[in-house]
Amino acid sequence: MLDIPLMKNLIRSASFLRPYAWQVFASLLMLLAITGLSLIVPRIIQTVIDDGLLRGDTSYLVRSALLLFGLGLVSALLGLGNRYASEWVAAHVGYDLRNRMYDHIQYLPFTYHDHAQSGQLISRCIEDVRAIEKFAGSSIPELVRFVFLTLGILGVMLSQNVELALISLLPMIPLVVMTGWFGTKIGKLFFNVDQAVGEVSNRLQENVTGVQVVRAFARENYEIRRFETANMDVFRKWIHVIDEWAKIMPTTNWLITIGTILILYFGGQMVIAGELTVGAVVAFNAYLLMMAEPAQALTGLVNAGGEAAAGAQRVFEVLDTEPGITSKKEAVTLFALNGEVEFRNVTLKYQDEDNHSLSGIDVMVGQNKIVALIGPTGSGKTSLVNLIPRFYDVTEGAVLVDGYDVRDVELTSLRRQIGIVLQTSLLFSDTIRANIAYGRPDATEEEIIAAAKAAQAHEFIEGFTKGYDTIVGERGVTLSGGQRQRVAIARALLMNPRILILDDSLSSVDTQTEKLIQAALDVLMEGRTTFVIAHRLSTVRRADLILVLDKGCIVEKGTHDELLKAGGLYKEIHDLQLVQREDALAGIPPIVGSKPTHENTIYAPRSNAGG
């Protein structure tokens with residue numbers, strides 16, 4: 001039958017039926033009743049022929065017709081009830097699976113999302129779950145019906161005439177063998193199809209989210225070709241499945257026909273010899289034809305089973321991925337932080353990377369202090385601050401907040417007291433009010449407006465026709481960069497965090513917007529322990545402590561004045577920016593095509609990992 005690992009995943013998915021055991025049991029009872037009624041019909045036809053037609057008893061024919069009508073009506077009602085029950089269960093299984101997948105994805109570690117393709121995850125949550133749902137709703141009842149019907153027909157035929165029963169069922173042996181052979185192949189083929197569909201979903205997701213880049217570089221034709229290539233891969237894999245299915249389907253029909261021929265020939269011989277009645281031969285043929293429909297559908301059931309098994313494997317690949325970063329059972333709940341942060345001999349190495357992203361970090365930051373991080377691209381700035389809310393775990397050493405190792409505290413209580421404003425803050429496709437209140441959905445209208453005013457966002461929000469009820473587009477694209485940043489600052493302000501992380505939140509805005517955002521940040525940083533990642537030294541001059549990172553190590557630390565006197569990397573960066581500013585004021589354009597130096601690489605785009 002199906003490939004063993006795939007079959008295990010399919011059986012495992014049946015665990016989602018447990019909450020609906022009574023509905024499943026009711027469905028099975030109705031299937032059993034329908035099967036029993038079906039088995040009576042050929043027997044009635046036999047008696048009609050032998051006792052009605054051959055004896056000329058018209059009243060017997062009328063009674064038999066009414067009985068068949070009644071059986072058909074009851075069977076139809078039971079079929080309706082069974083269909084409703086099985087589809088109801090399947091819909092609930094799909095609902096539960098999608099929720100389970102989505103819930104699990106929320107808690108998967110950043111290391112998983114660093115490598116996973118969002119399109120593949122979307123495909124697993126929708127397409128693969130749908131395959132399991134479809135199998136549970138229609139294929140499993142059909143399979144159960146086939147088993148009940150086959151066992152019933154075998155019992156009836158063997159009780160009437162063992163010899164003719166065995167002869168008529170001979171074609172079923174190669175049918176079962178072929179179906180088993182087909183099942184070993186089809187699961188793997190469907191797994192390949194699902195992977196290809198996931199790639200199409202990923203291509204579509206990337207193109208939709210990156211539409212501005214595609215248009216800006218006039219790469220529409222290139223993206224169309226990429227999508228067509230992925231789509232063609234799905235088409236070819238589907239055709240491969242269809243080819244395999246087309247090979248076995250005609251053979252199934254042919255084997256059923258062979259069974260009918262055997263019954264007519266050998267049964268006819270028995271009728272002539274007086275061993276069987278005409279009605280018995282007709283009933284035998286009716287039983288065989290009754291079994292032919294589910295037997296012919298058996299390859300289709302294996303087909304659906306293969307698709308569901310492949311989907312189950314892809315679903316459980318996600319569900320079996322451990323969250324990685326979770327709260328311990330005995331974790332300490334942090335109610336009110338003072339904001340003291342310590343990095344104690346911290347080393348960090350990302351998955352699948354050879355070199356350490358951070359090494360030997362020893363820093364003690366007191367409460368309400370402002371710490372600025374500066375350094376070349378990939379020096380580890382973002383990596384360092386990502387350890388505070390425990391987005392990643394240290395490889396060696398420890399990160400402590402108020403003296404507690406972050407690995408020993410309850411995650412939610414930690415993260416609720418840390419505010420983060422990123423370089424490109426993500427807004428959700430919702431109202432501005434909902435985006436500001438994202439971290440505190442219970443916030444009052446007055447609190448939301450107060451946060452927006454402090455973030456210098458209230459004025460432009462009131463400029464919209466619907467004000468705070470204005471729906472922003474996906475990722476906040478309907479707002480300007482500066483507007484998005486100020487909404488993000490308002491979101492952080494509303495949380496009233498004790499620890500604040502500003503990840504280069506001023507690098508992508510103009511001077512006028514920078515002044516507005518800087519004013520908002522001044523309010524936001526007041527009375528909080530703040531970590532600022534910045535490329536502009538004007539942002540970090542008033543920091544209590546400046547950390548200069550290079551290749552994952554702290555190469556310099558001190559105040560602005562102390563670092564200038566030291567004459568190291570910080571002074572090089574400072575002097576370079578000073579020259580650039582003077583050139584800009586004098587109207588001298590920057591040098592184009594010059595060889596990048598160690599200092600000016602800090603203006604290059606940053607990697608996700610190294611920061």
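Before moving on, here are some points about what is shown:
Rundown of residues vs (1) in contact with a Ser or Thr (Cβ under 6 Å, 6 or more places away or on another chain); (2) over 18 Å from residue 46 (Cβ atoms), yes/no style:
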{"position": "123", "(1), (2)": "yes, yes"}
{"position": "127", "(1), (2)": "no, yes"}
{"position": "132", "(1), (2)": "yes, yes"}
{"position": "135", "(1), (2)": "no, yes"}
{"position": "138", "(1), (2)": "no, yes"}
{"position": "148", "(1), (2)": "yes, yes"}
{"position": "153", "(1), (2)": "no, no"}
{"position": "160", "(1), (2)": "no, no"}
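- Subset of region 218-244 (residues that are farther than 13 Å from residue 203 by Cβ, aliphatic (A, V, I, L, M) and part of a helix (DSSP H, G or I)): 239, 241, 242
- Checked against (1) part of a loop (DSSP other than H, G, I, E, B); (2) in the same structural domain as residue 568 (by TED's automatic domain parsing); (3) on the phi > 0 side of the Ramachandran plot, residue 324 passes all but a single condition, namely (2).
- Checked against (1) assigned to a helix (DSSP H, G or I); (2) surrounded by fewer than 15 Cβ atoms within 10 Å (Cβ to Cβ); (3) at pLDDT below 75, residue 19 meets all criteria but (3).
To keep it simple, each residue is scored yes or no on (1) assigned to a loop (DSSP other than H, G, I, E, B); (2) modelled with pLDDT of 85 or more.
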residue	(1), (2)
424	yes, no
442	yes, yes
448	no, yes
452	no, yes
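- So residue 290, is it closer than 26 Å to residue 39 by Cβ and at pLDDT 80 or above: no
- Test for residue 498: is it of a type outside the set (Ser, Thr, Tyr) and touching a residue at least 40 places away in the same chain (Cβ under 8 Å): yes
- For region 405-422, a residue qualifies if it is in a loop (DSSP other than H, G, I, E, B) and not charged (D, E, K, R), and the qualifying residues are 417, 422.
- Among the candidates 256, 261, 242, 248, the residue that is under 27 Å from residue 174 (Cβ atoms), modelled with pLDDT of 80 or more and hydrophobic (A, V, I, L, M, F, W, C) is uniquely 261.
- Considering region 295-335, the residues that are under 30 Å from residue 411 (Cα atoms) and among the polar types (S, T, N, Q) include one that is modelled with the highest pLDDT, namely 333.
- Test: residue in region 223-230 that is over 32 Å from the mean Cα position of the chain (by Cα), aromatic (Phe, Trp, Tyr) and modelled with pLDDT under 80: no
The values are calculated or read from the model by the stated rules, or taken from the named source; none is laboratory data. Quantities reported herein were computed from a predicted structural model and do not represent experimental measurements. Every residue, glycine among them, receives a Cβ derived from its backbone with ideal geometry; neighbour counts consider all protein chains shown.
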